[in-house]
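No value in this document is a laboratory result; all are computed from the given coordinates. The structure displayed is predicted, hence computed values, not measured ones. Here Cβ is always computed from backbone atoms with ideal geometry, including for glycine, and neighbour counts include all displayed protein chains.
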2 protein chains.
Amino acid sequence: MLEELDEAECLRLIAPGGIGRIAYSGRYGPTVFPVNYRLFEQTIVFRTAQDSATDEDLRTGIAHAEYKVAFEIDDFDTAAREGWSVLVQGSAHHVDSEAERAAVATAGVDTWPDGDRELFLRIVPSRVTGRRVRR
Amino acid sequence: MLEELDEAECLRLIAPGGIGRIAYSGRYGPTVFPVNYRLFEQTIVFRTAQDSATDEDLRTGIAHAEYKVAFEIDDFDTAAREGWSVLVQGSAHHVDSEAERAAVATAGVDTWPDGDRELFLRIVPSRVTGRRVRR
């Protein structure tokens, strides 16, 4: 059974943060990477390393007005064959101003690899959809 | 520690099949959905419902030559903060011919939601990259 989820339920499901997947149109076509994210004031915040491929791709894209990205979060129980997925679509921007950086830093976005991932990126959702699969 | 994985290691990691995420440029911009996939003759095979939004978006895109999609597979241990991700980039096509359909059907692609998901889609990789994160 496949059930569509409303936006409020989607936001509730993704509120704890964790691992999500950022998708964008990169130099080799559609590109997807897992990142640690937090939901902060109804926006998605994550970090990446300056001058990484992700940074460069996003920076190139973001330079264009209305650069659209997608962010996907899901949780599945493969044994029970149940789970949910949420798709956030919206525009992405680098967090450049000191004030915004200080604000999003309070979200406590985690990163796993060592090294500086000093660049904050933020996705402002324009569309939030989700689905739940039950047996 | 972030380690780049070579293509052989990537293919070994994704060989068991399971849940992956298809990303493509859809009607609302970049779009990502989780699907059950199998690796079949070094291509990604999954199923979707005919006339679903995914089908329509992909059908529209695939009609253009060289329609690029991405497929992401990962496995993380959040407690240990370790895991890997693989990104397959390539072109997608519907499996339309009887012969190809019979072949990919042997891959045993599973679907969770009830109902017919009678449409097979196949991604022929042009680029396979991956990363492993260790503490």
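With contributions of -39500 (n - 2.57) from each DSSP H run of at least four residues, the per-residue ellipticity at 222 nm computed over chain B stands at -5500 deg cm²/dmol.
Working note: Karplus 6.51/-1.76/1.60 with θ = phi - 60° gives the stretch A:24-37 the couplings 7, 8, x, 5, 10, x, x, 9, 9, 9, x, 9, 7, 10 Hz, where Gly and Pro are set to x. Note on chain A: percent of Cα-Cα distances in each 10 Å bin, starting at 0 and stopping at the bin with the largest distance, equals 12, 43, 33, 11, 1. Per-residue 3J(HN,Hα) values for the stretch A:73-87, derived from phi via the Karplus relation 6.51 cos²θ - 1.76 cosθ + 1.60 with θ = phi - 60°, read 10, 8, 8, 10, 9, 5, 5, 7, 6, 10, x, 9, 9, 10, 10 Hz in sequence order (x marks Gly and Pro). Between B:Ser126 and A:Glu56, the modelled label-to-label distance comes to 1.9 nm, taking each label 7 Å out from Cα in the direction of the beta carbon. Sequence-distant contacts, meaning Cα pairs under 8 Å at least 6 residues apart, place the relative contact order of chain B at 34 percent. Axis-proximal residue of chain B for the rotation onto chain A, reported as residue and distance in whole Å: B:Ala23, 2, based on Cβ position.
Counting from the shortest, the label point at A:Ala15, 7 Å from Cα toward Cβ, is 4.4 nm from the same position in each remaining copy. For A:Ser126, the residues whose amide H sits under 5 Å from its own are A:Gln89, A:Gly90, A:Ser91, ignoring neighbours fewer than 5 places away on the same chain, with H placed 1.01 Å from N. With a 10 Å cut-off around each Cβ of B:67-77, the average count of Cβ atoms from other chains is 4.
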